[in-house]
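Remarks on the structure that follows.
The values are calculated or read from the model by the stated rules, or taken from the named source; none is laboratory data. Keep in mind the model is a prediction, meaning the values are calculated, not measured. Backbone-built Cβ (ideal geometry, glycine too); neighbour counts: all protein chains shown.
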Amino acid sequence: MTPRPSPRPRASDDTGDTGDTHNGTGEQAGGEVTTPEDTAVAEDAAGADEGVAAEQAAAGERPAADPRALRMLAAVAVVALLVAGWFGFSWWSAAHDDRLELARERDTVVADISAALVTLHTIDHRTARSDVDEWLRVTTGKLGEDLSKDRQLQLDRAAGTRTVASASVRELAVTELDRRLGTARLLAVLDVRLGTRDTQPAPSRSRLTVQAQRTGEGWKISAVQAVSS
Amino acid sequence: MNGAGGAQRRRATIMAVLAAVIVLAAGAAVWSGLQARQLRAAGDNVALADPVATREVTRQVTGALKSIFSYDYNNLARTERAAERVLAGEAVEQYGRSFAAAKAQARDGKLVRTTTVRSLGVRSLTAQRAHLLALLDQQTLHTAGNDRQESATAVLVVTAENTGGQWKITSLTSV
């Protein structure tokens with residue numbers, strides 16, 4: 001798309017070649033506004049490489065069309081820049097909108113804690129070791145410490161009772177969110193399926209109040225309490 | 001030839017640059033437009049993000065839940081009046097069914113029930129509609145049975161609709 005230097009190898013460049021031919025004719029016709037070069041380049045820009053036929057077609061209406069084409073292109077460029085600027089500002093303002101930041105943080109809390117609650121209610125005695133490691137991954141603070149202290153106890157218990165548990169989140173809502181402190185409280189209702197060696201897997205409902213904390217790896221559960229009913 | 005060729009070449013350069021500008025600007029517009037849209041997607045739901053609106057719907061729904069789930073066997077009409085004031089749509093029937101049973105119990109056992117909202121989360125909030133999750137504590141006093149006290153908790157999914165500044169509960173589901 002860059003303009004070629006005047007002396008160029010004829011054989012290797014057919015667009016340029018025809019351009020030069022036209023240039024010659026143009027000059028003979030009065031040396032005026034003949035711009036086959038422009039056409040050639042414009043066609044290059046449009047990705048077309050049609051050669052002589054197109055060139056000649058363009059040559060017919062050249063004197064009027066060319067400055068107009070340039071003006072139109074300039075106008076389109078200005079409009080494109082304005083549109084880009086407008087969307088750019090829209091992006092910038094969306095990224096710096098306090099409300100939107102809070103809304104996104106809220107959605108992040110819901111997504112992270114929802115996944116964490118499922119993880120925390122999932123264990124299979126056959127994969128207990130990695131399941132309990134997952135518990136540690138999704139918890140922090142006091143709860144995280146307690147769980148890591150009790151790690152062996154949890155493993156022994158799961159092995160002893162041959163526990164298999166899974167859960168899904170039925171309802172979840174953030175009741176408090178402090179973005180500065182990076183803390184949140186939530187209310188959650190879980191459908192839990194729990195089975196042991198002695199009991200068939202049975203569904204139950206678990207209502208929980210949850211405290212969450214923001215960490216370097218997203219939001220984690222720092223406390224969880226069952227609501228007595 | 002050199003002068004004309006030079007002018008043409010300059011013009012060619014300008015057009016090429018303009019074409020490049022157009023392509024780049026269009027690309028930038030599309031990219032930033034998509035980014036902005038993604039960033040704004042969360043903003044349709046102003047729960048917590050708009051603290052004033054969130055507090056207001058929380059305040060009104062908390063008051064409504066307290067008033068419709070608290071009763072005194074001596075003055076059941078008060079609770080019914082409250083229900084008429086704060087319930088609408090589907091919730092009227094949902095509540096009516098459960099309250100009919102509660103009323104009979106309340107008269108028989110001379111019950112006084114006090115309900116408080118322990119915690120309330122606004123899950124989604126727009127100008128017109130709110131979805132909430134509420135944790136209720138209920139203390140029931142059996143005045144006919146040595147003032148024996150009973151406590152219970154309940155979690156409710158609540159839908160509320162804004163009718164000219166007043167949030168009316170349109171759906172109540174225990175979960």
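Side notes on the structure shown:
- For region B:1-19, the set of residues classified as under 22 Å from residue A:71 (Cβ atoms), of a type in the set (A, V, I, L, M, F, W, C) and facing chain A (nearest Cβ under 7 Å) consists of B:4, B:12, B:14, B:15, B:16, B:18, B:19, listed by residue number.
- Residue within region B:94-115 that is surrounded by 14 or more Cβ atoms within 10 Å (Cβ to Cβ), under 17 Å from the mean Cα position of the chain (by Cα) and of a type outside the set (Asp, Glu) present: no
- Residues that are of a type in the set (Lys, Arg) and either at pLDDT below 95 or surrounded by 19 or more Cβ atoms within 10 Å (Cβ to Cβ) (or both), drawn from region B:31-74: B:37, B:40
- So residue A:129, is it within 21 Å of residue A:162 (Cβ to Cβ) and out of contact with any helix residue (DSSP H, G or I) (no Cβ under 6 Å at 6 or more places or on another chain): yes
- Among the residues listed as A:106, A:129, the single one being over 22 Å from residue A:190 (Cβ atoms), out of contact with any Cys (no Cβ under 8 Å at 6 or more places or on another chain), basic (Lys, Arg) and part of a helix (DSSP H, G or I): A:129
- Any hit, region A:74-82, residues being within 9 Å of chain B (Cβ to nearest Cβ), crowded, with 17+ Cβ neighbours inside 10 Å and within 30 Å of residue A:218 (Cβ to Cβ): no
- Filtered by the rule that a residue be charged (D, E, K, R), more than 16 Å from residue A:123 (Cα to Cα) and not in a strand (DSSP E or B), region A:168-223 gives A:179, A:180, A:198, A:217.
- Matching residues, region B:96-147, being of a type in the set (Asp, Glu) and away from chain A (no Cβ under 14 Å): B:108, B:147
- Condition broken by residue A:172, with the remaining ones in (1) of a type in the set (A, V, I, L, M); (2) within 13 Å of chain B (Cβ to nearest Cβ); (3) touching a Pro at 6+ places or on another chain (Cβ under 7 Å) satisfied: (3)
- Close pairs (6 angstrom Cβ cut-off, 6 or more residues apart or separate chains): assigned by TED's automatic domain parsing to the domain that holds residue B:79 and touching a residue at least 24 places away in the same chain (Cβ under 8 Å) in region B:105-123, surrounded by 15 or more Cβ atoms within 10 Å (Cβ to Cβ) and of a type in the set (Asp, Glu) anywhere: B:112/B:72; B:116/B:137; B:118/B:137
- For the residues A:137, A:157, A:170, A:151, the requirement of being over 17 Å from residue A:212 (Cα atoms), modelled with pLDDT of 95 or more and not small (Gly, Ala, Ser) singles out A:170.
- Total residues in region B:144-173, condition of a type in the set (S, T, N, Q) and out of contact with any strand residue (DSSP E or B) (no Cβ under 6 Å at 6 or more places or on another chain): 4
- Sole exception among (1) outside any strand (DSSP E or B); (2) loosely packed, with under 13 Cβ neighbours inside 10 Å for residue B:80, by number: (2)
- Residue within region A:85-97 that is of a type in the set (S, T, N, Q), in contact with an Asp or Glu (Cβ under 8 Å, 6 or more places away or on another chain) and in a helix (DSSP H, G or I) present: no
- Candidate set from region B:148-175 (those that are touching a Leu at 6+ places or on another chain (Cβ under 8 Å), within 9 Å of chain A (Cβ to nearest Cβ) and surrounded by fewer than 14 Cβ atoms within 10 Å (Cβ to Cβ)); member that is farthest from residue B:91 (Cα to Cα): B:153
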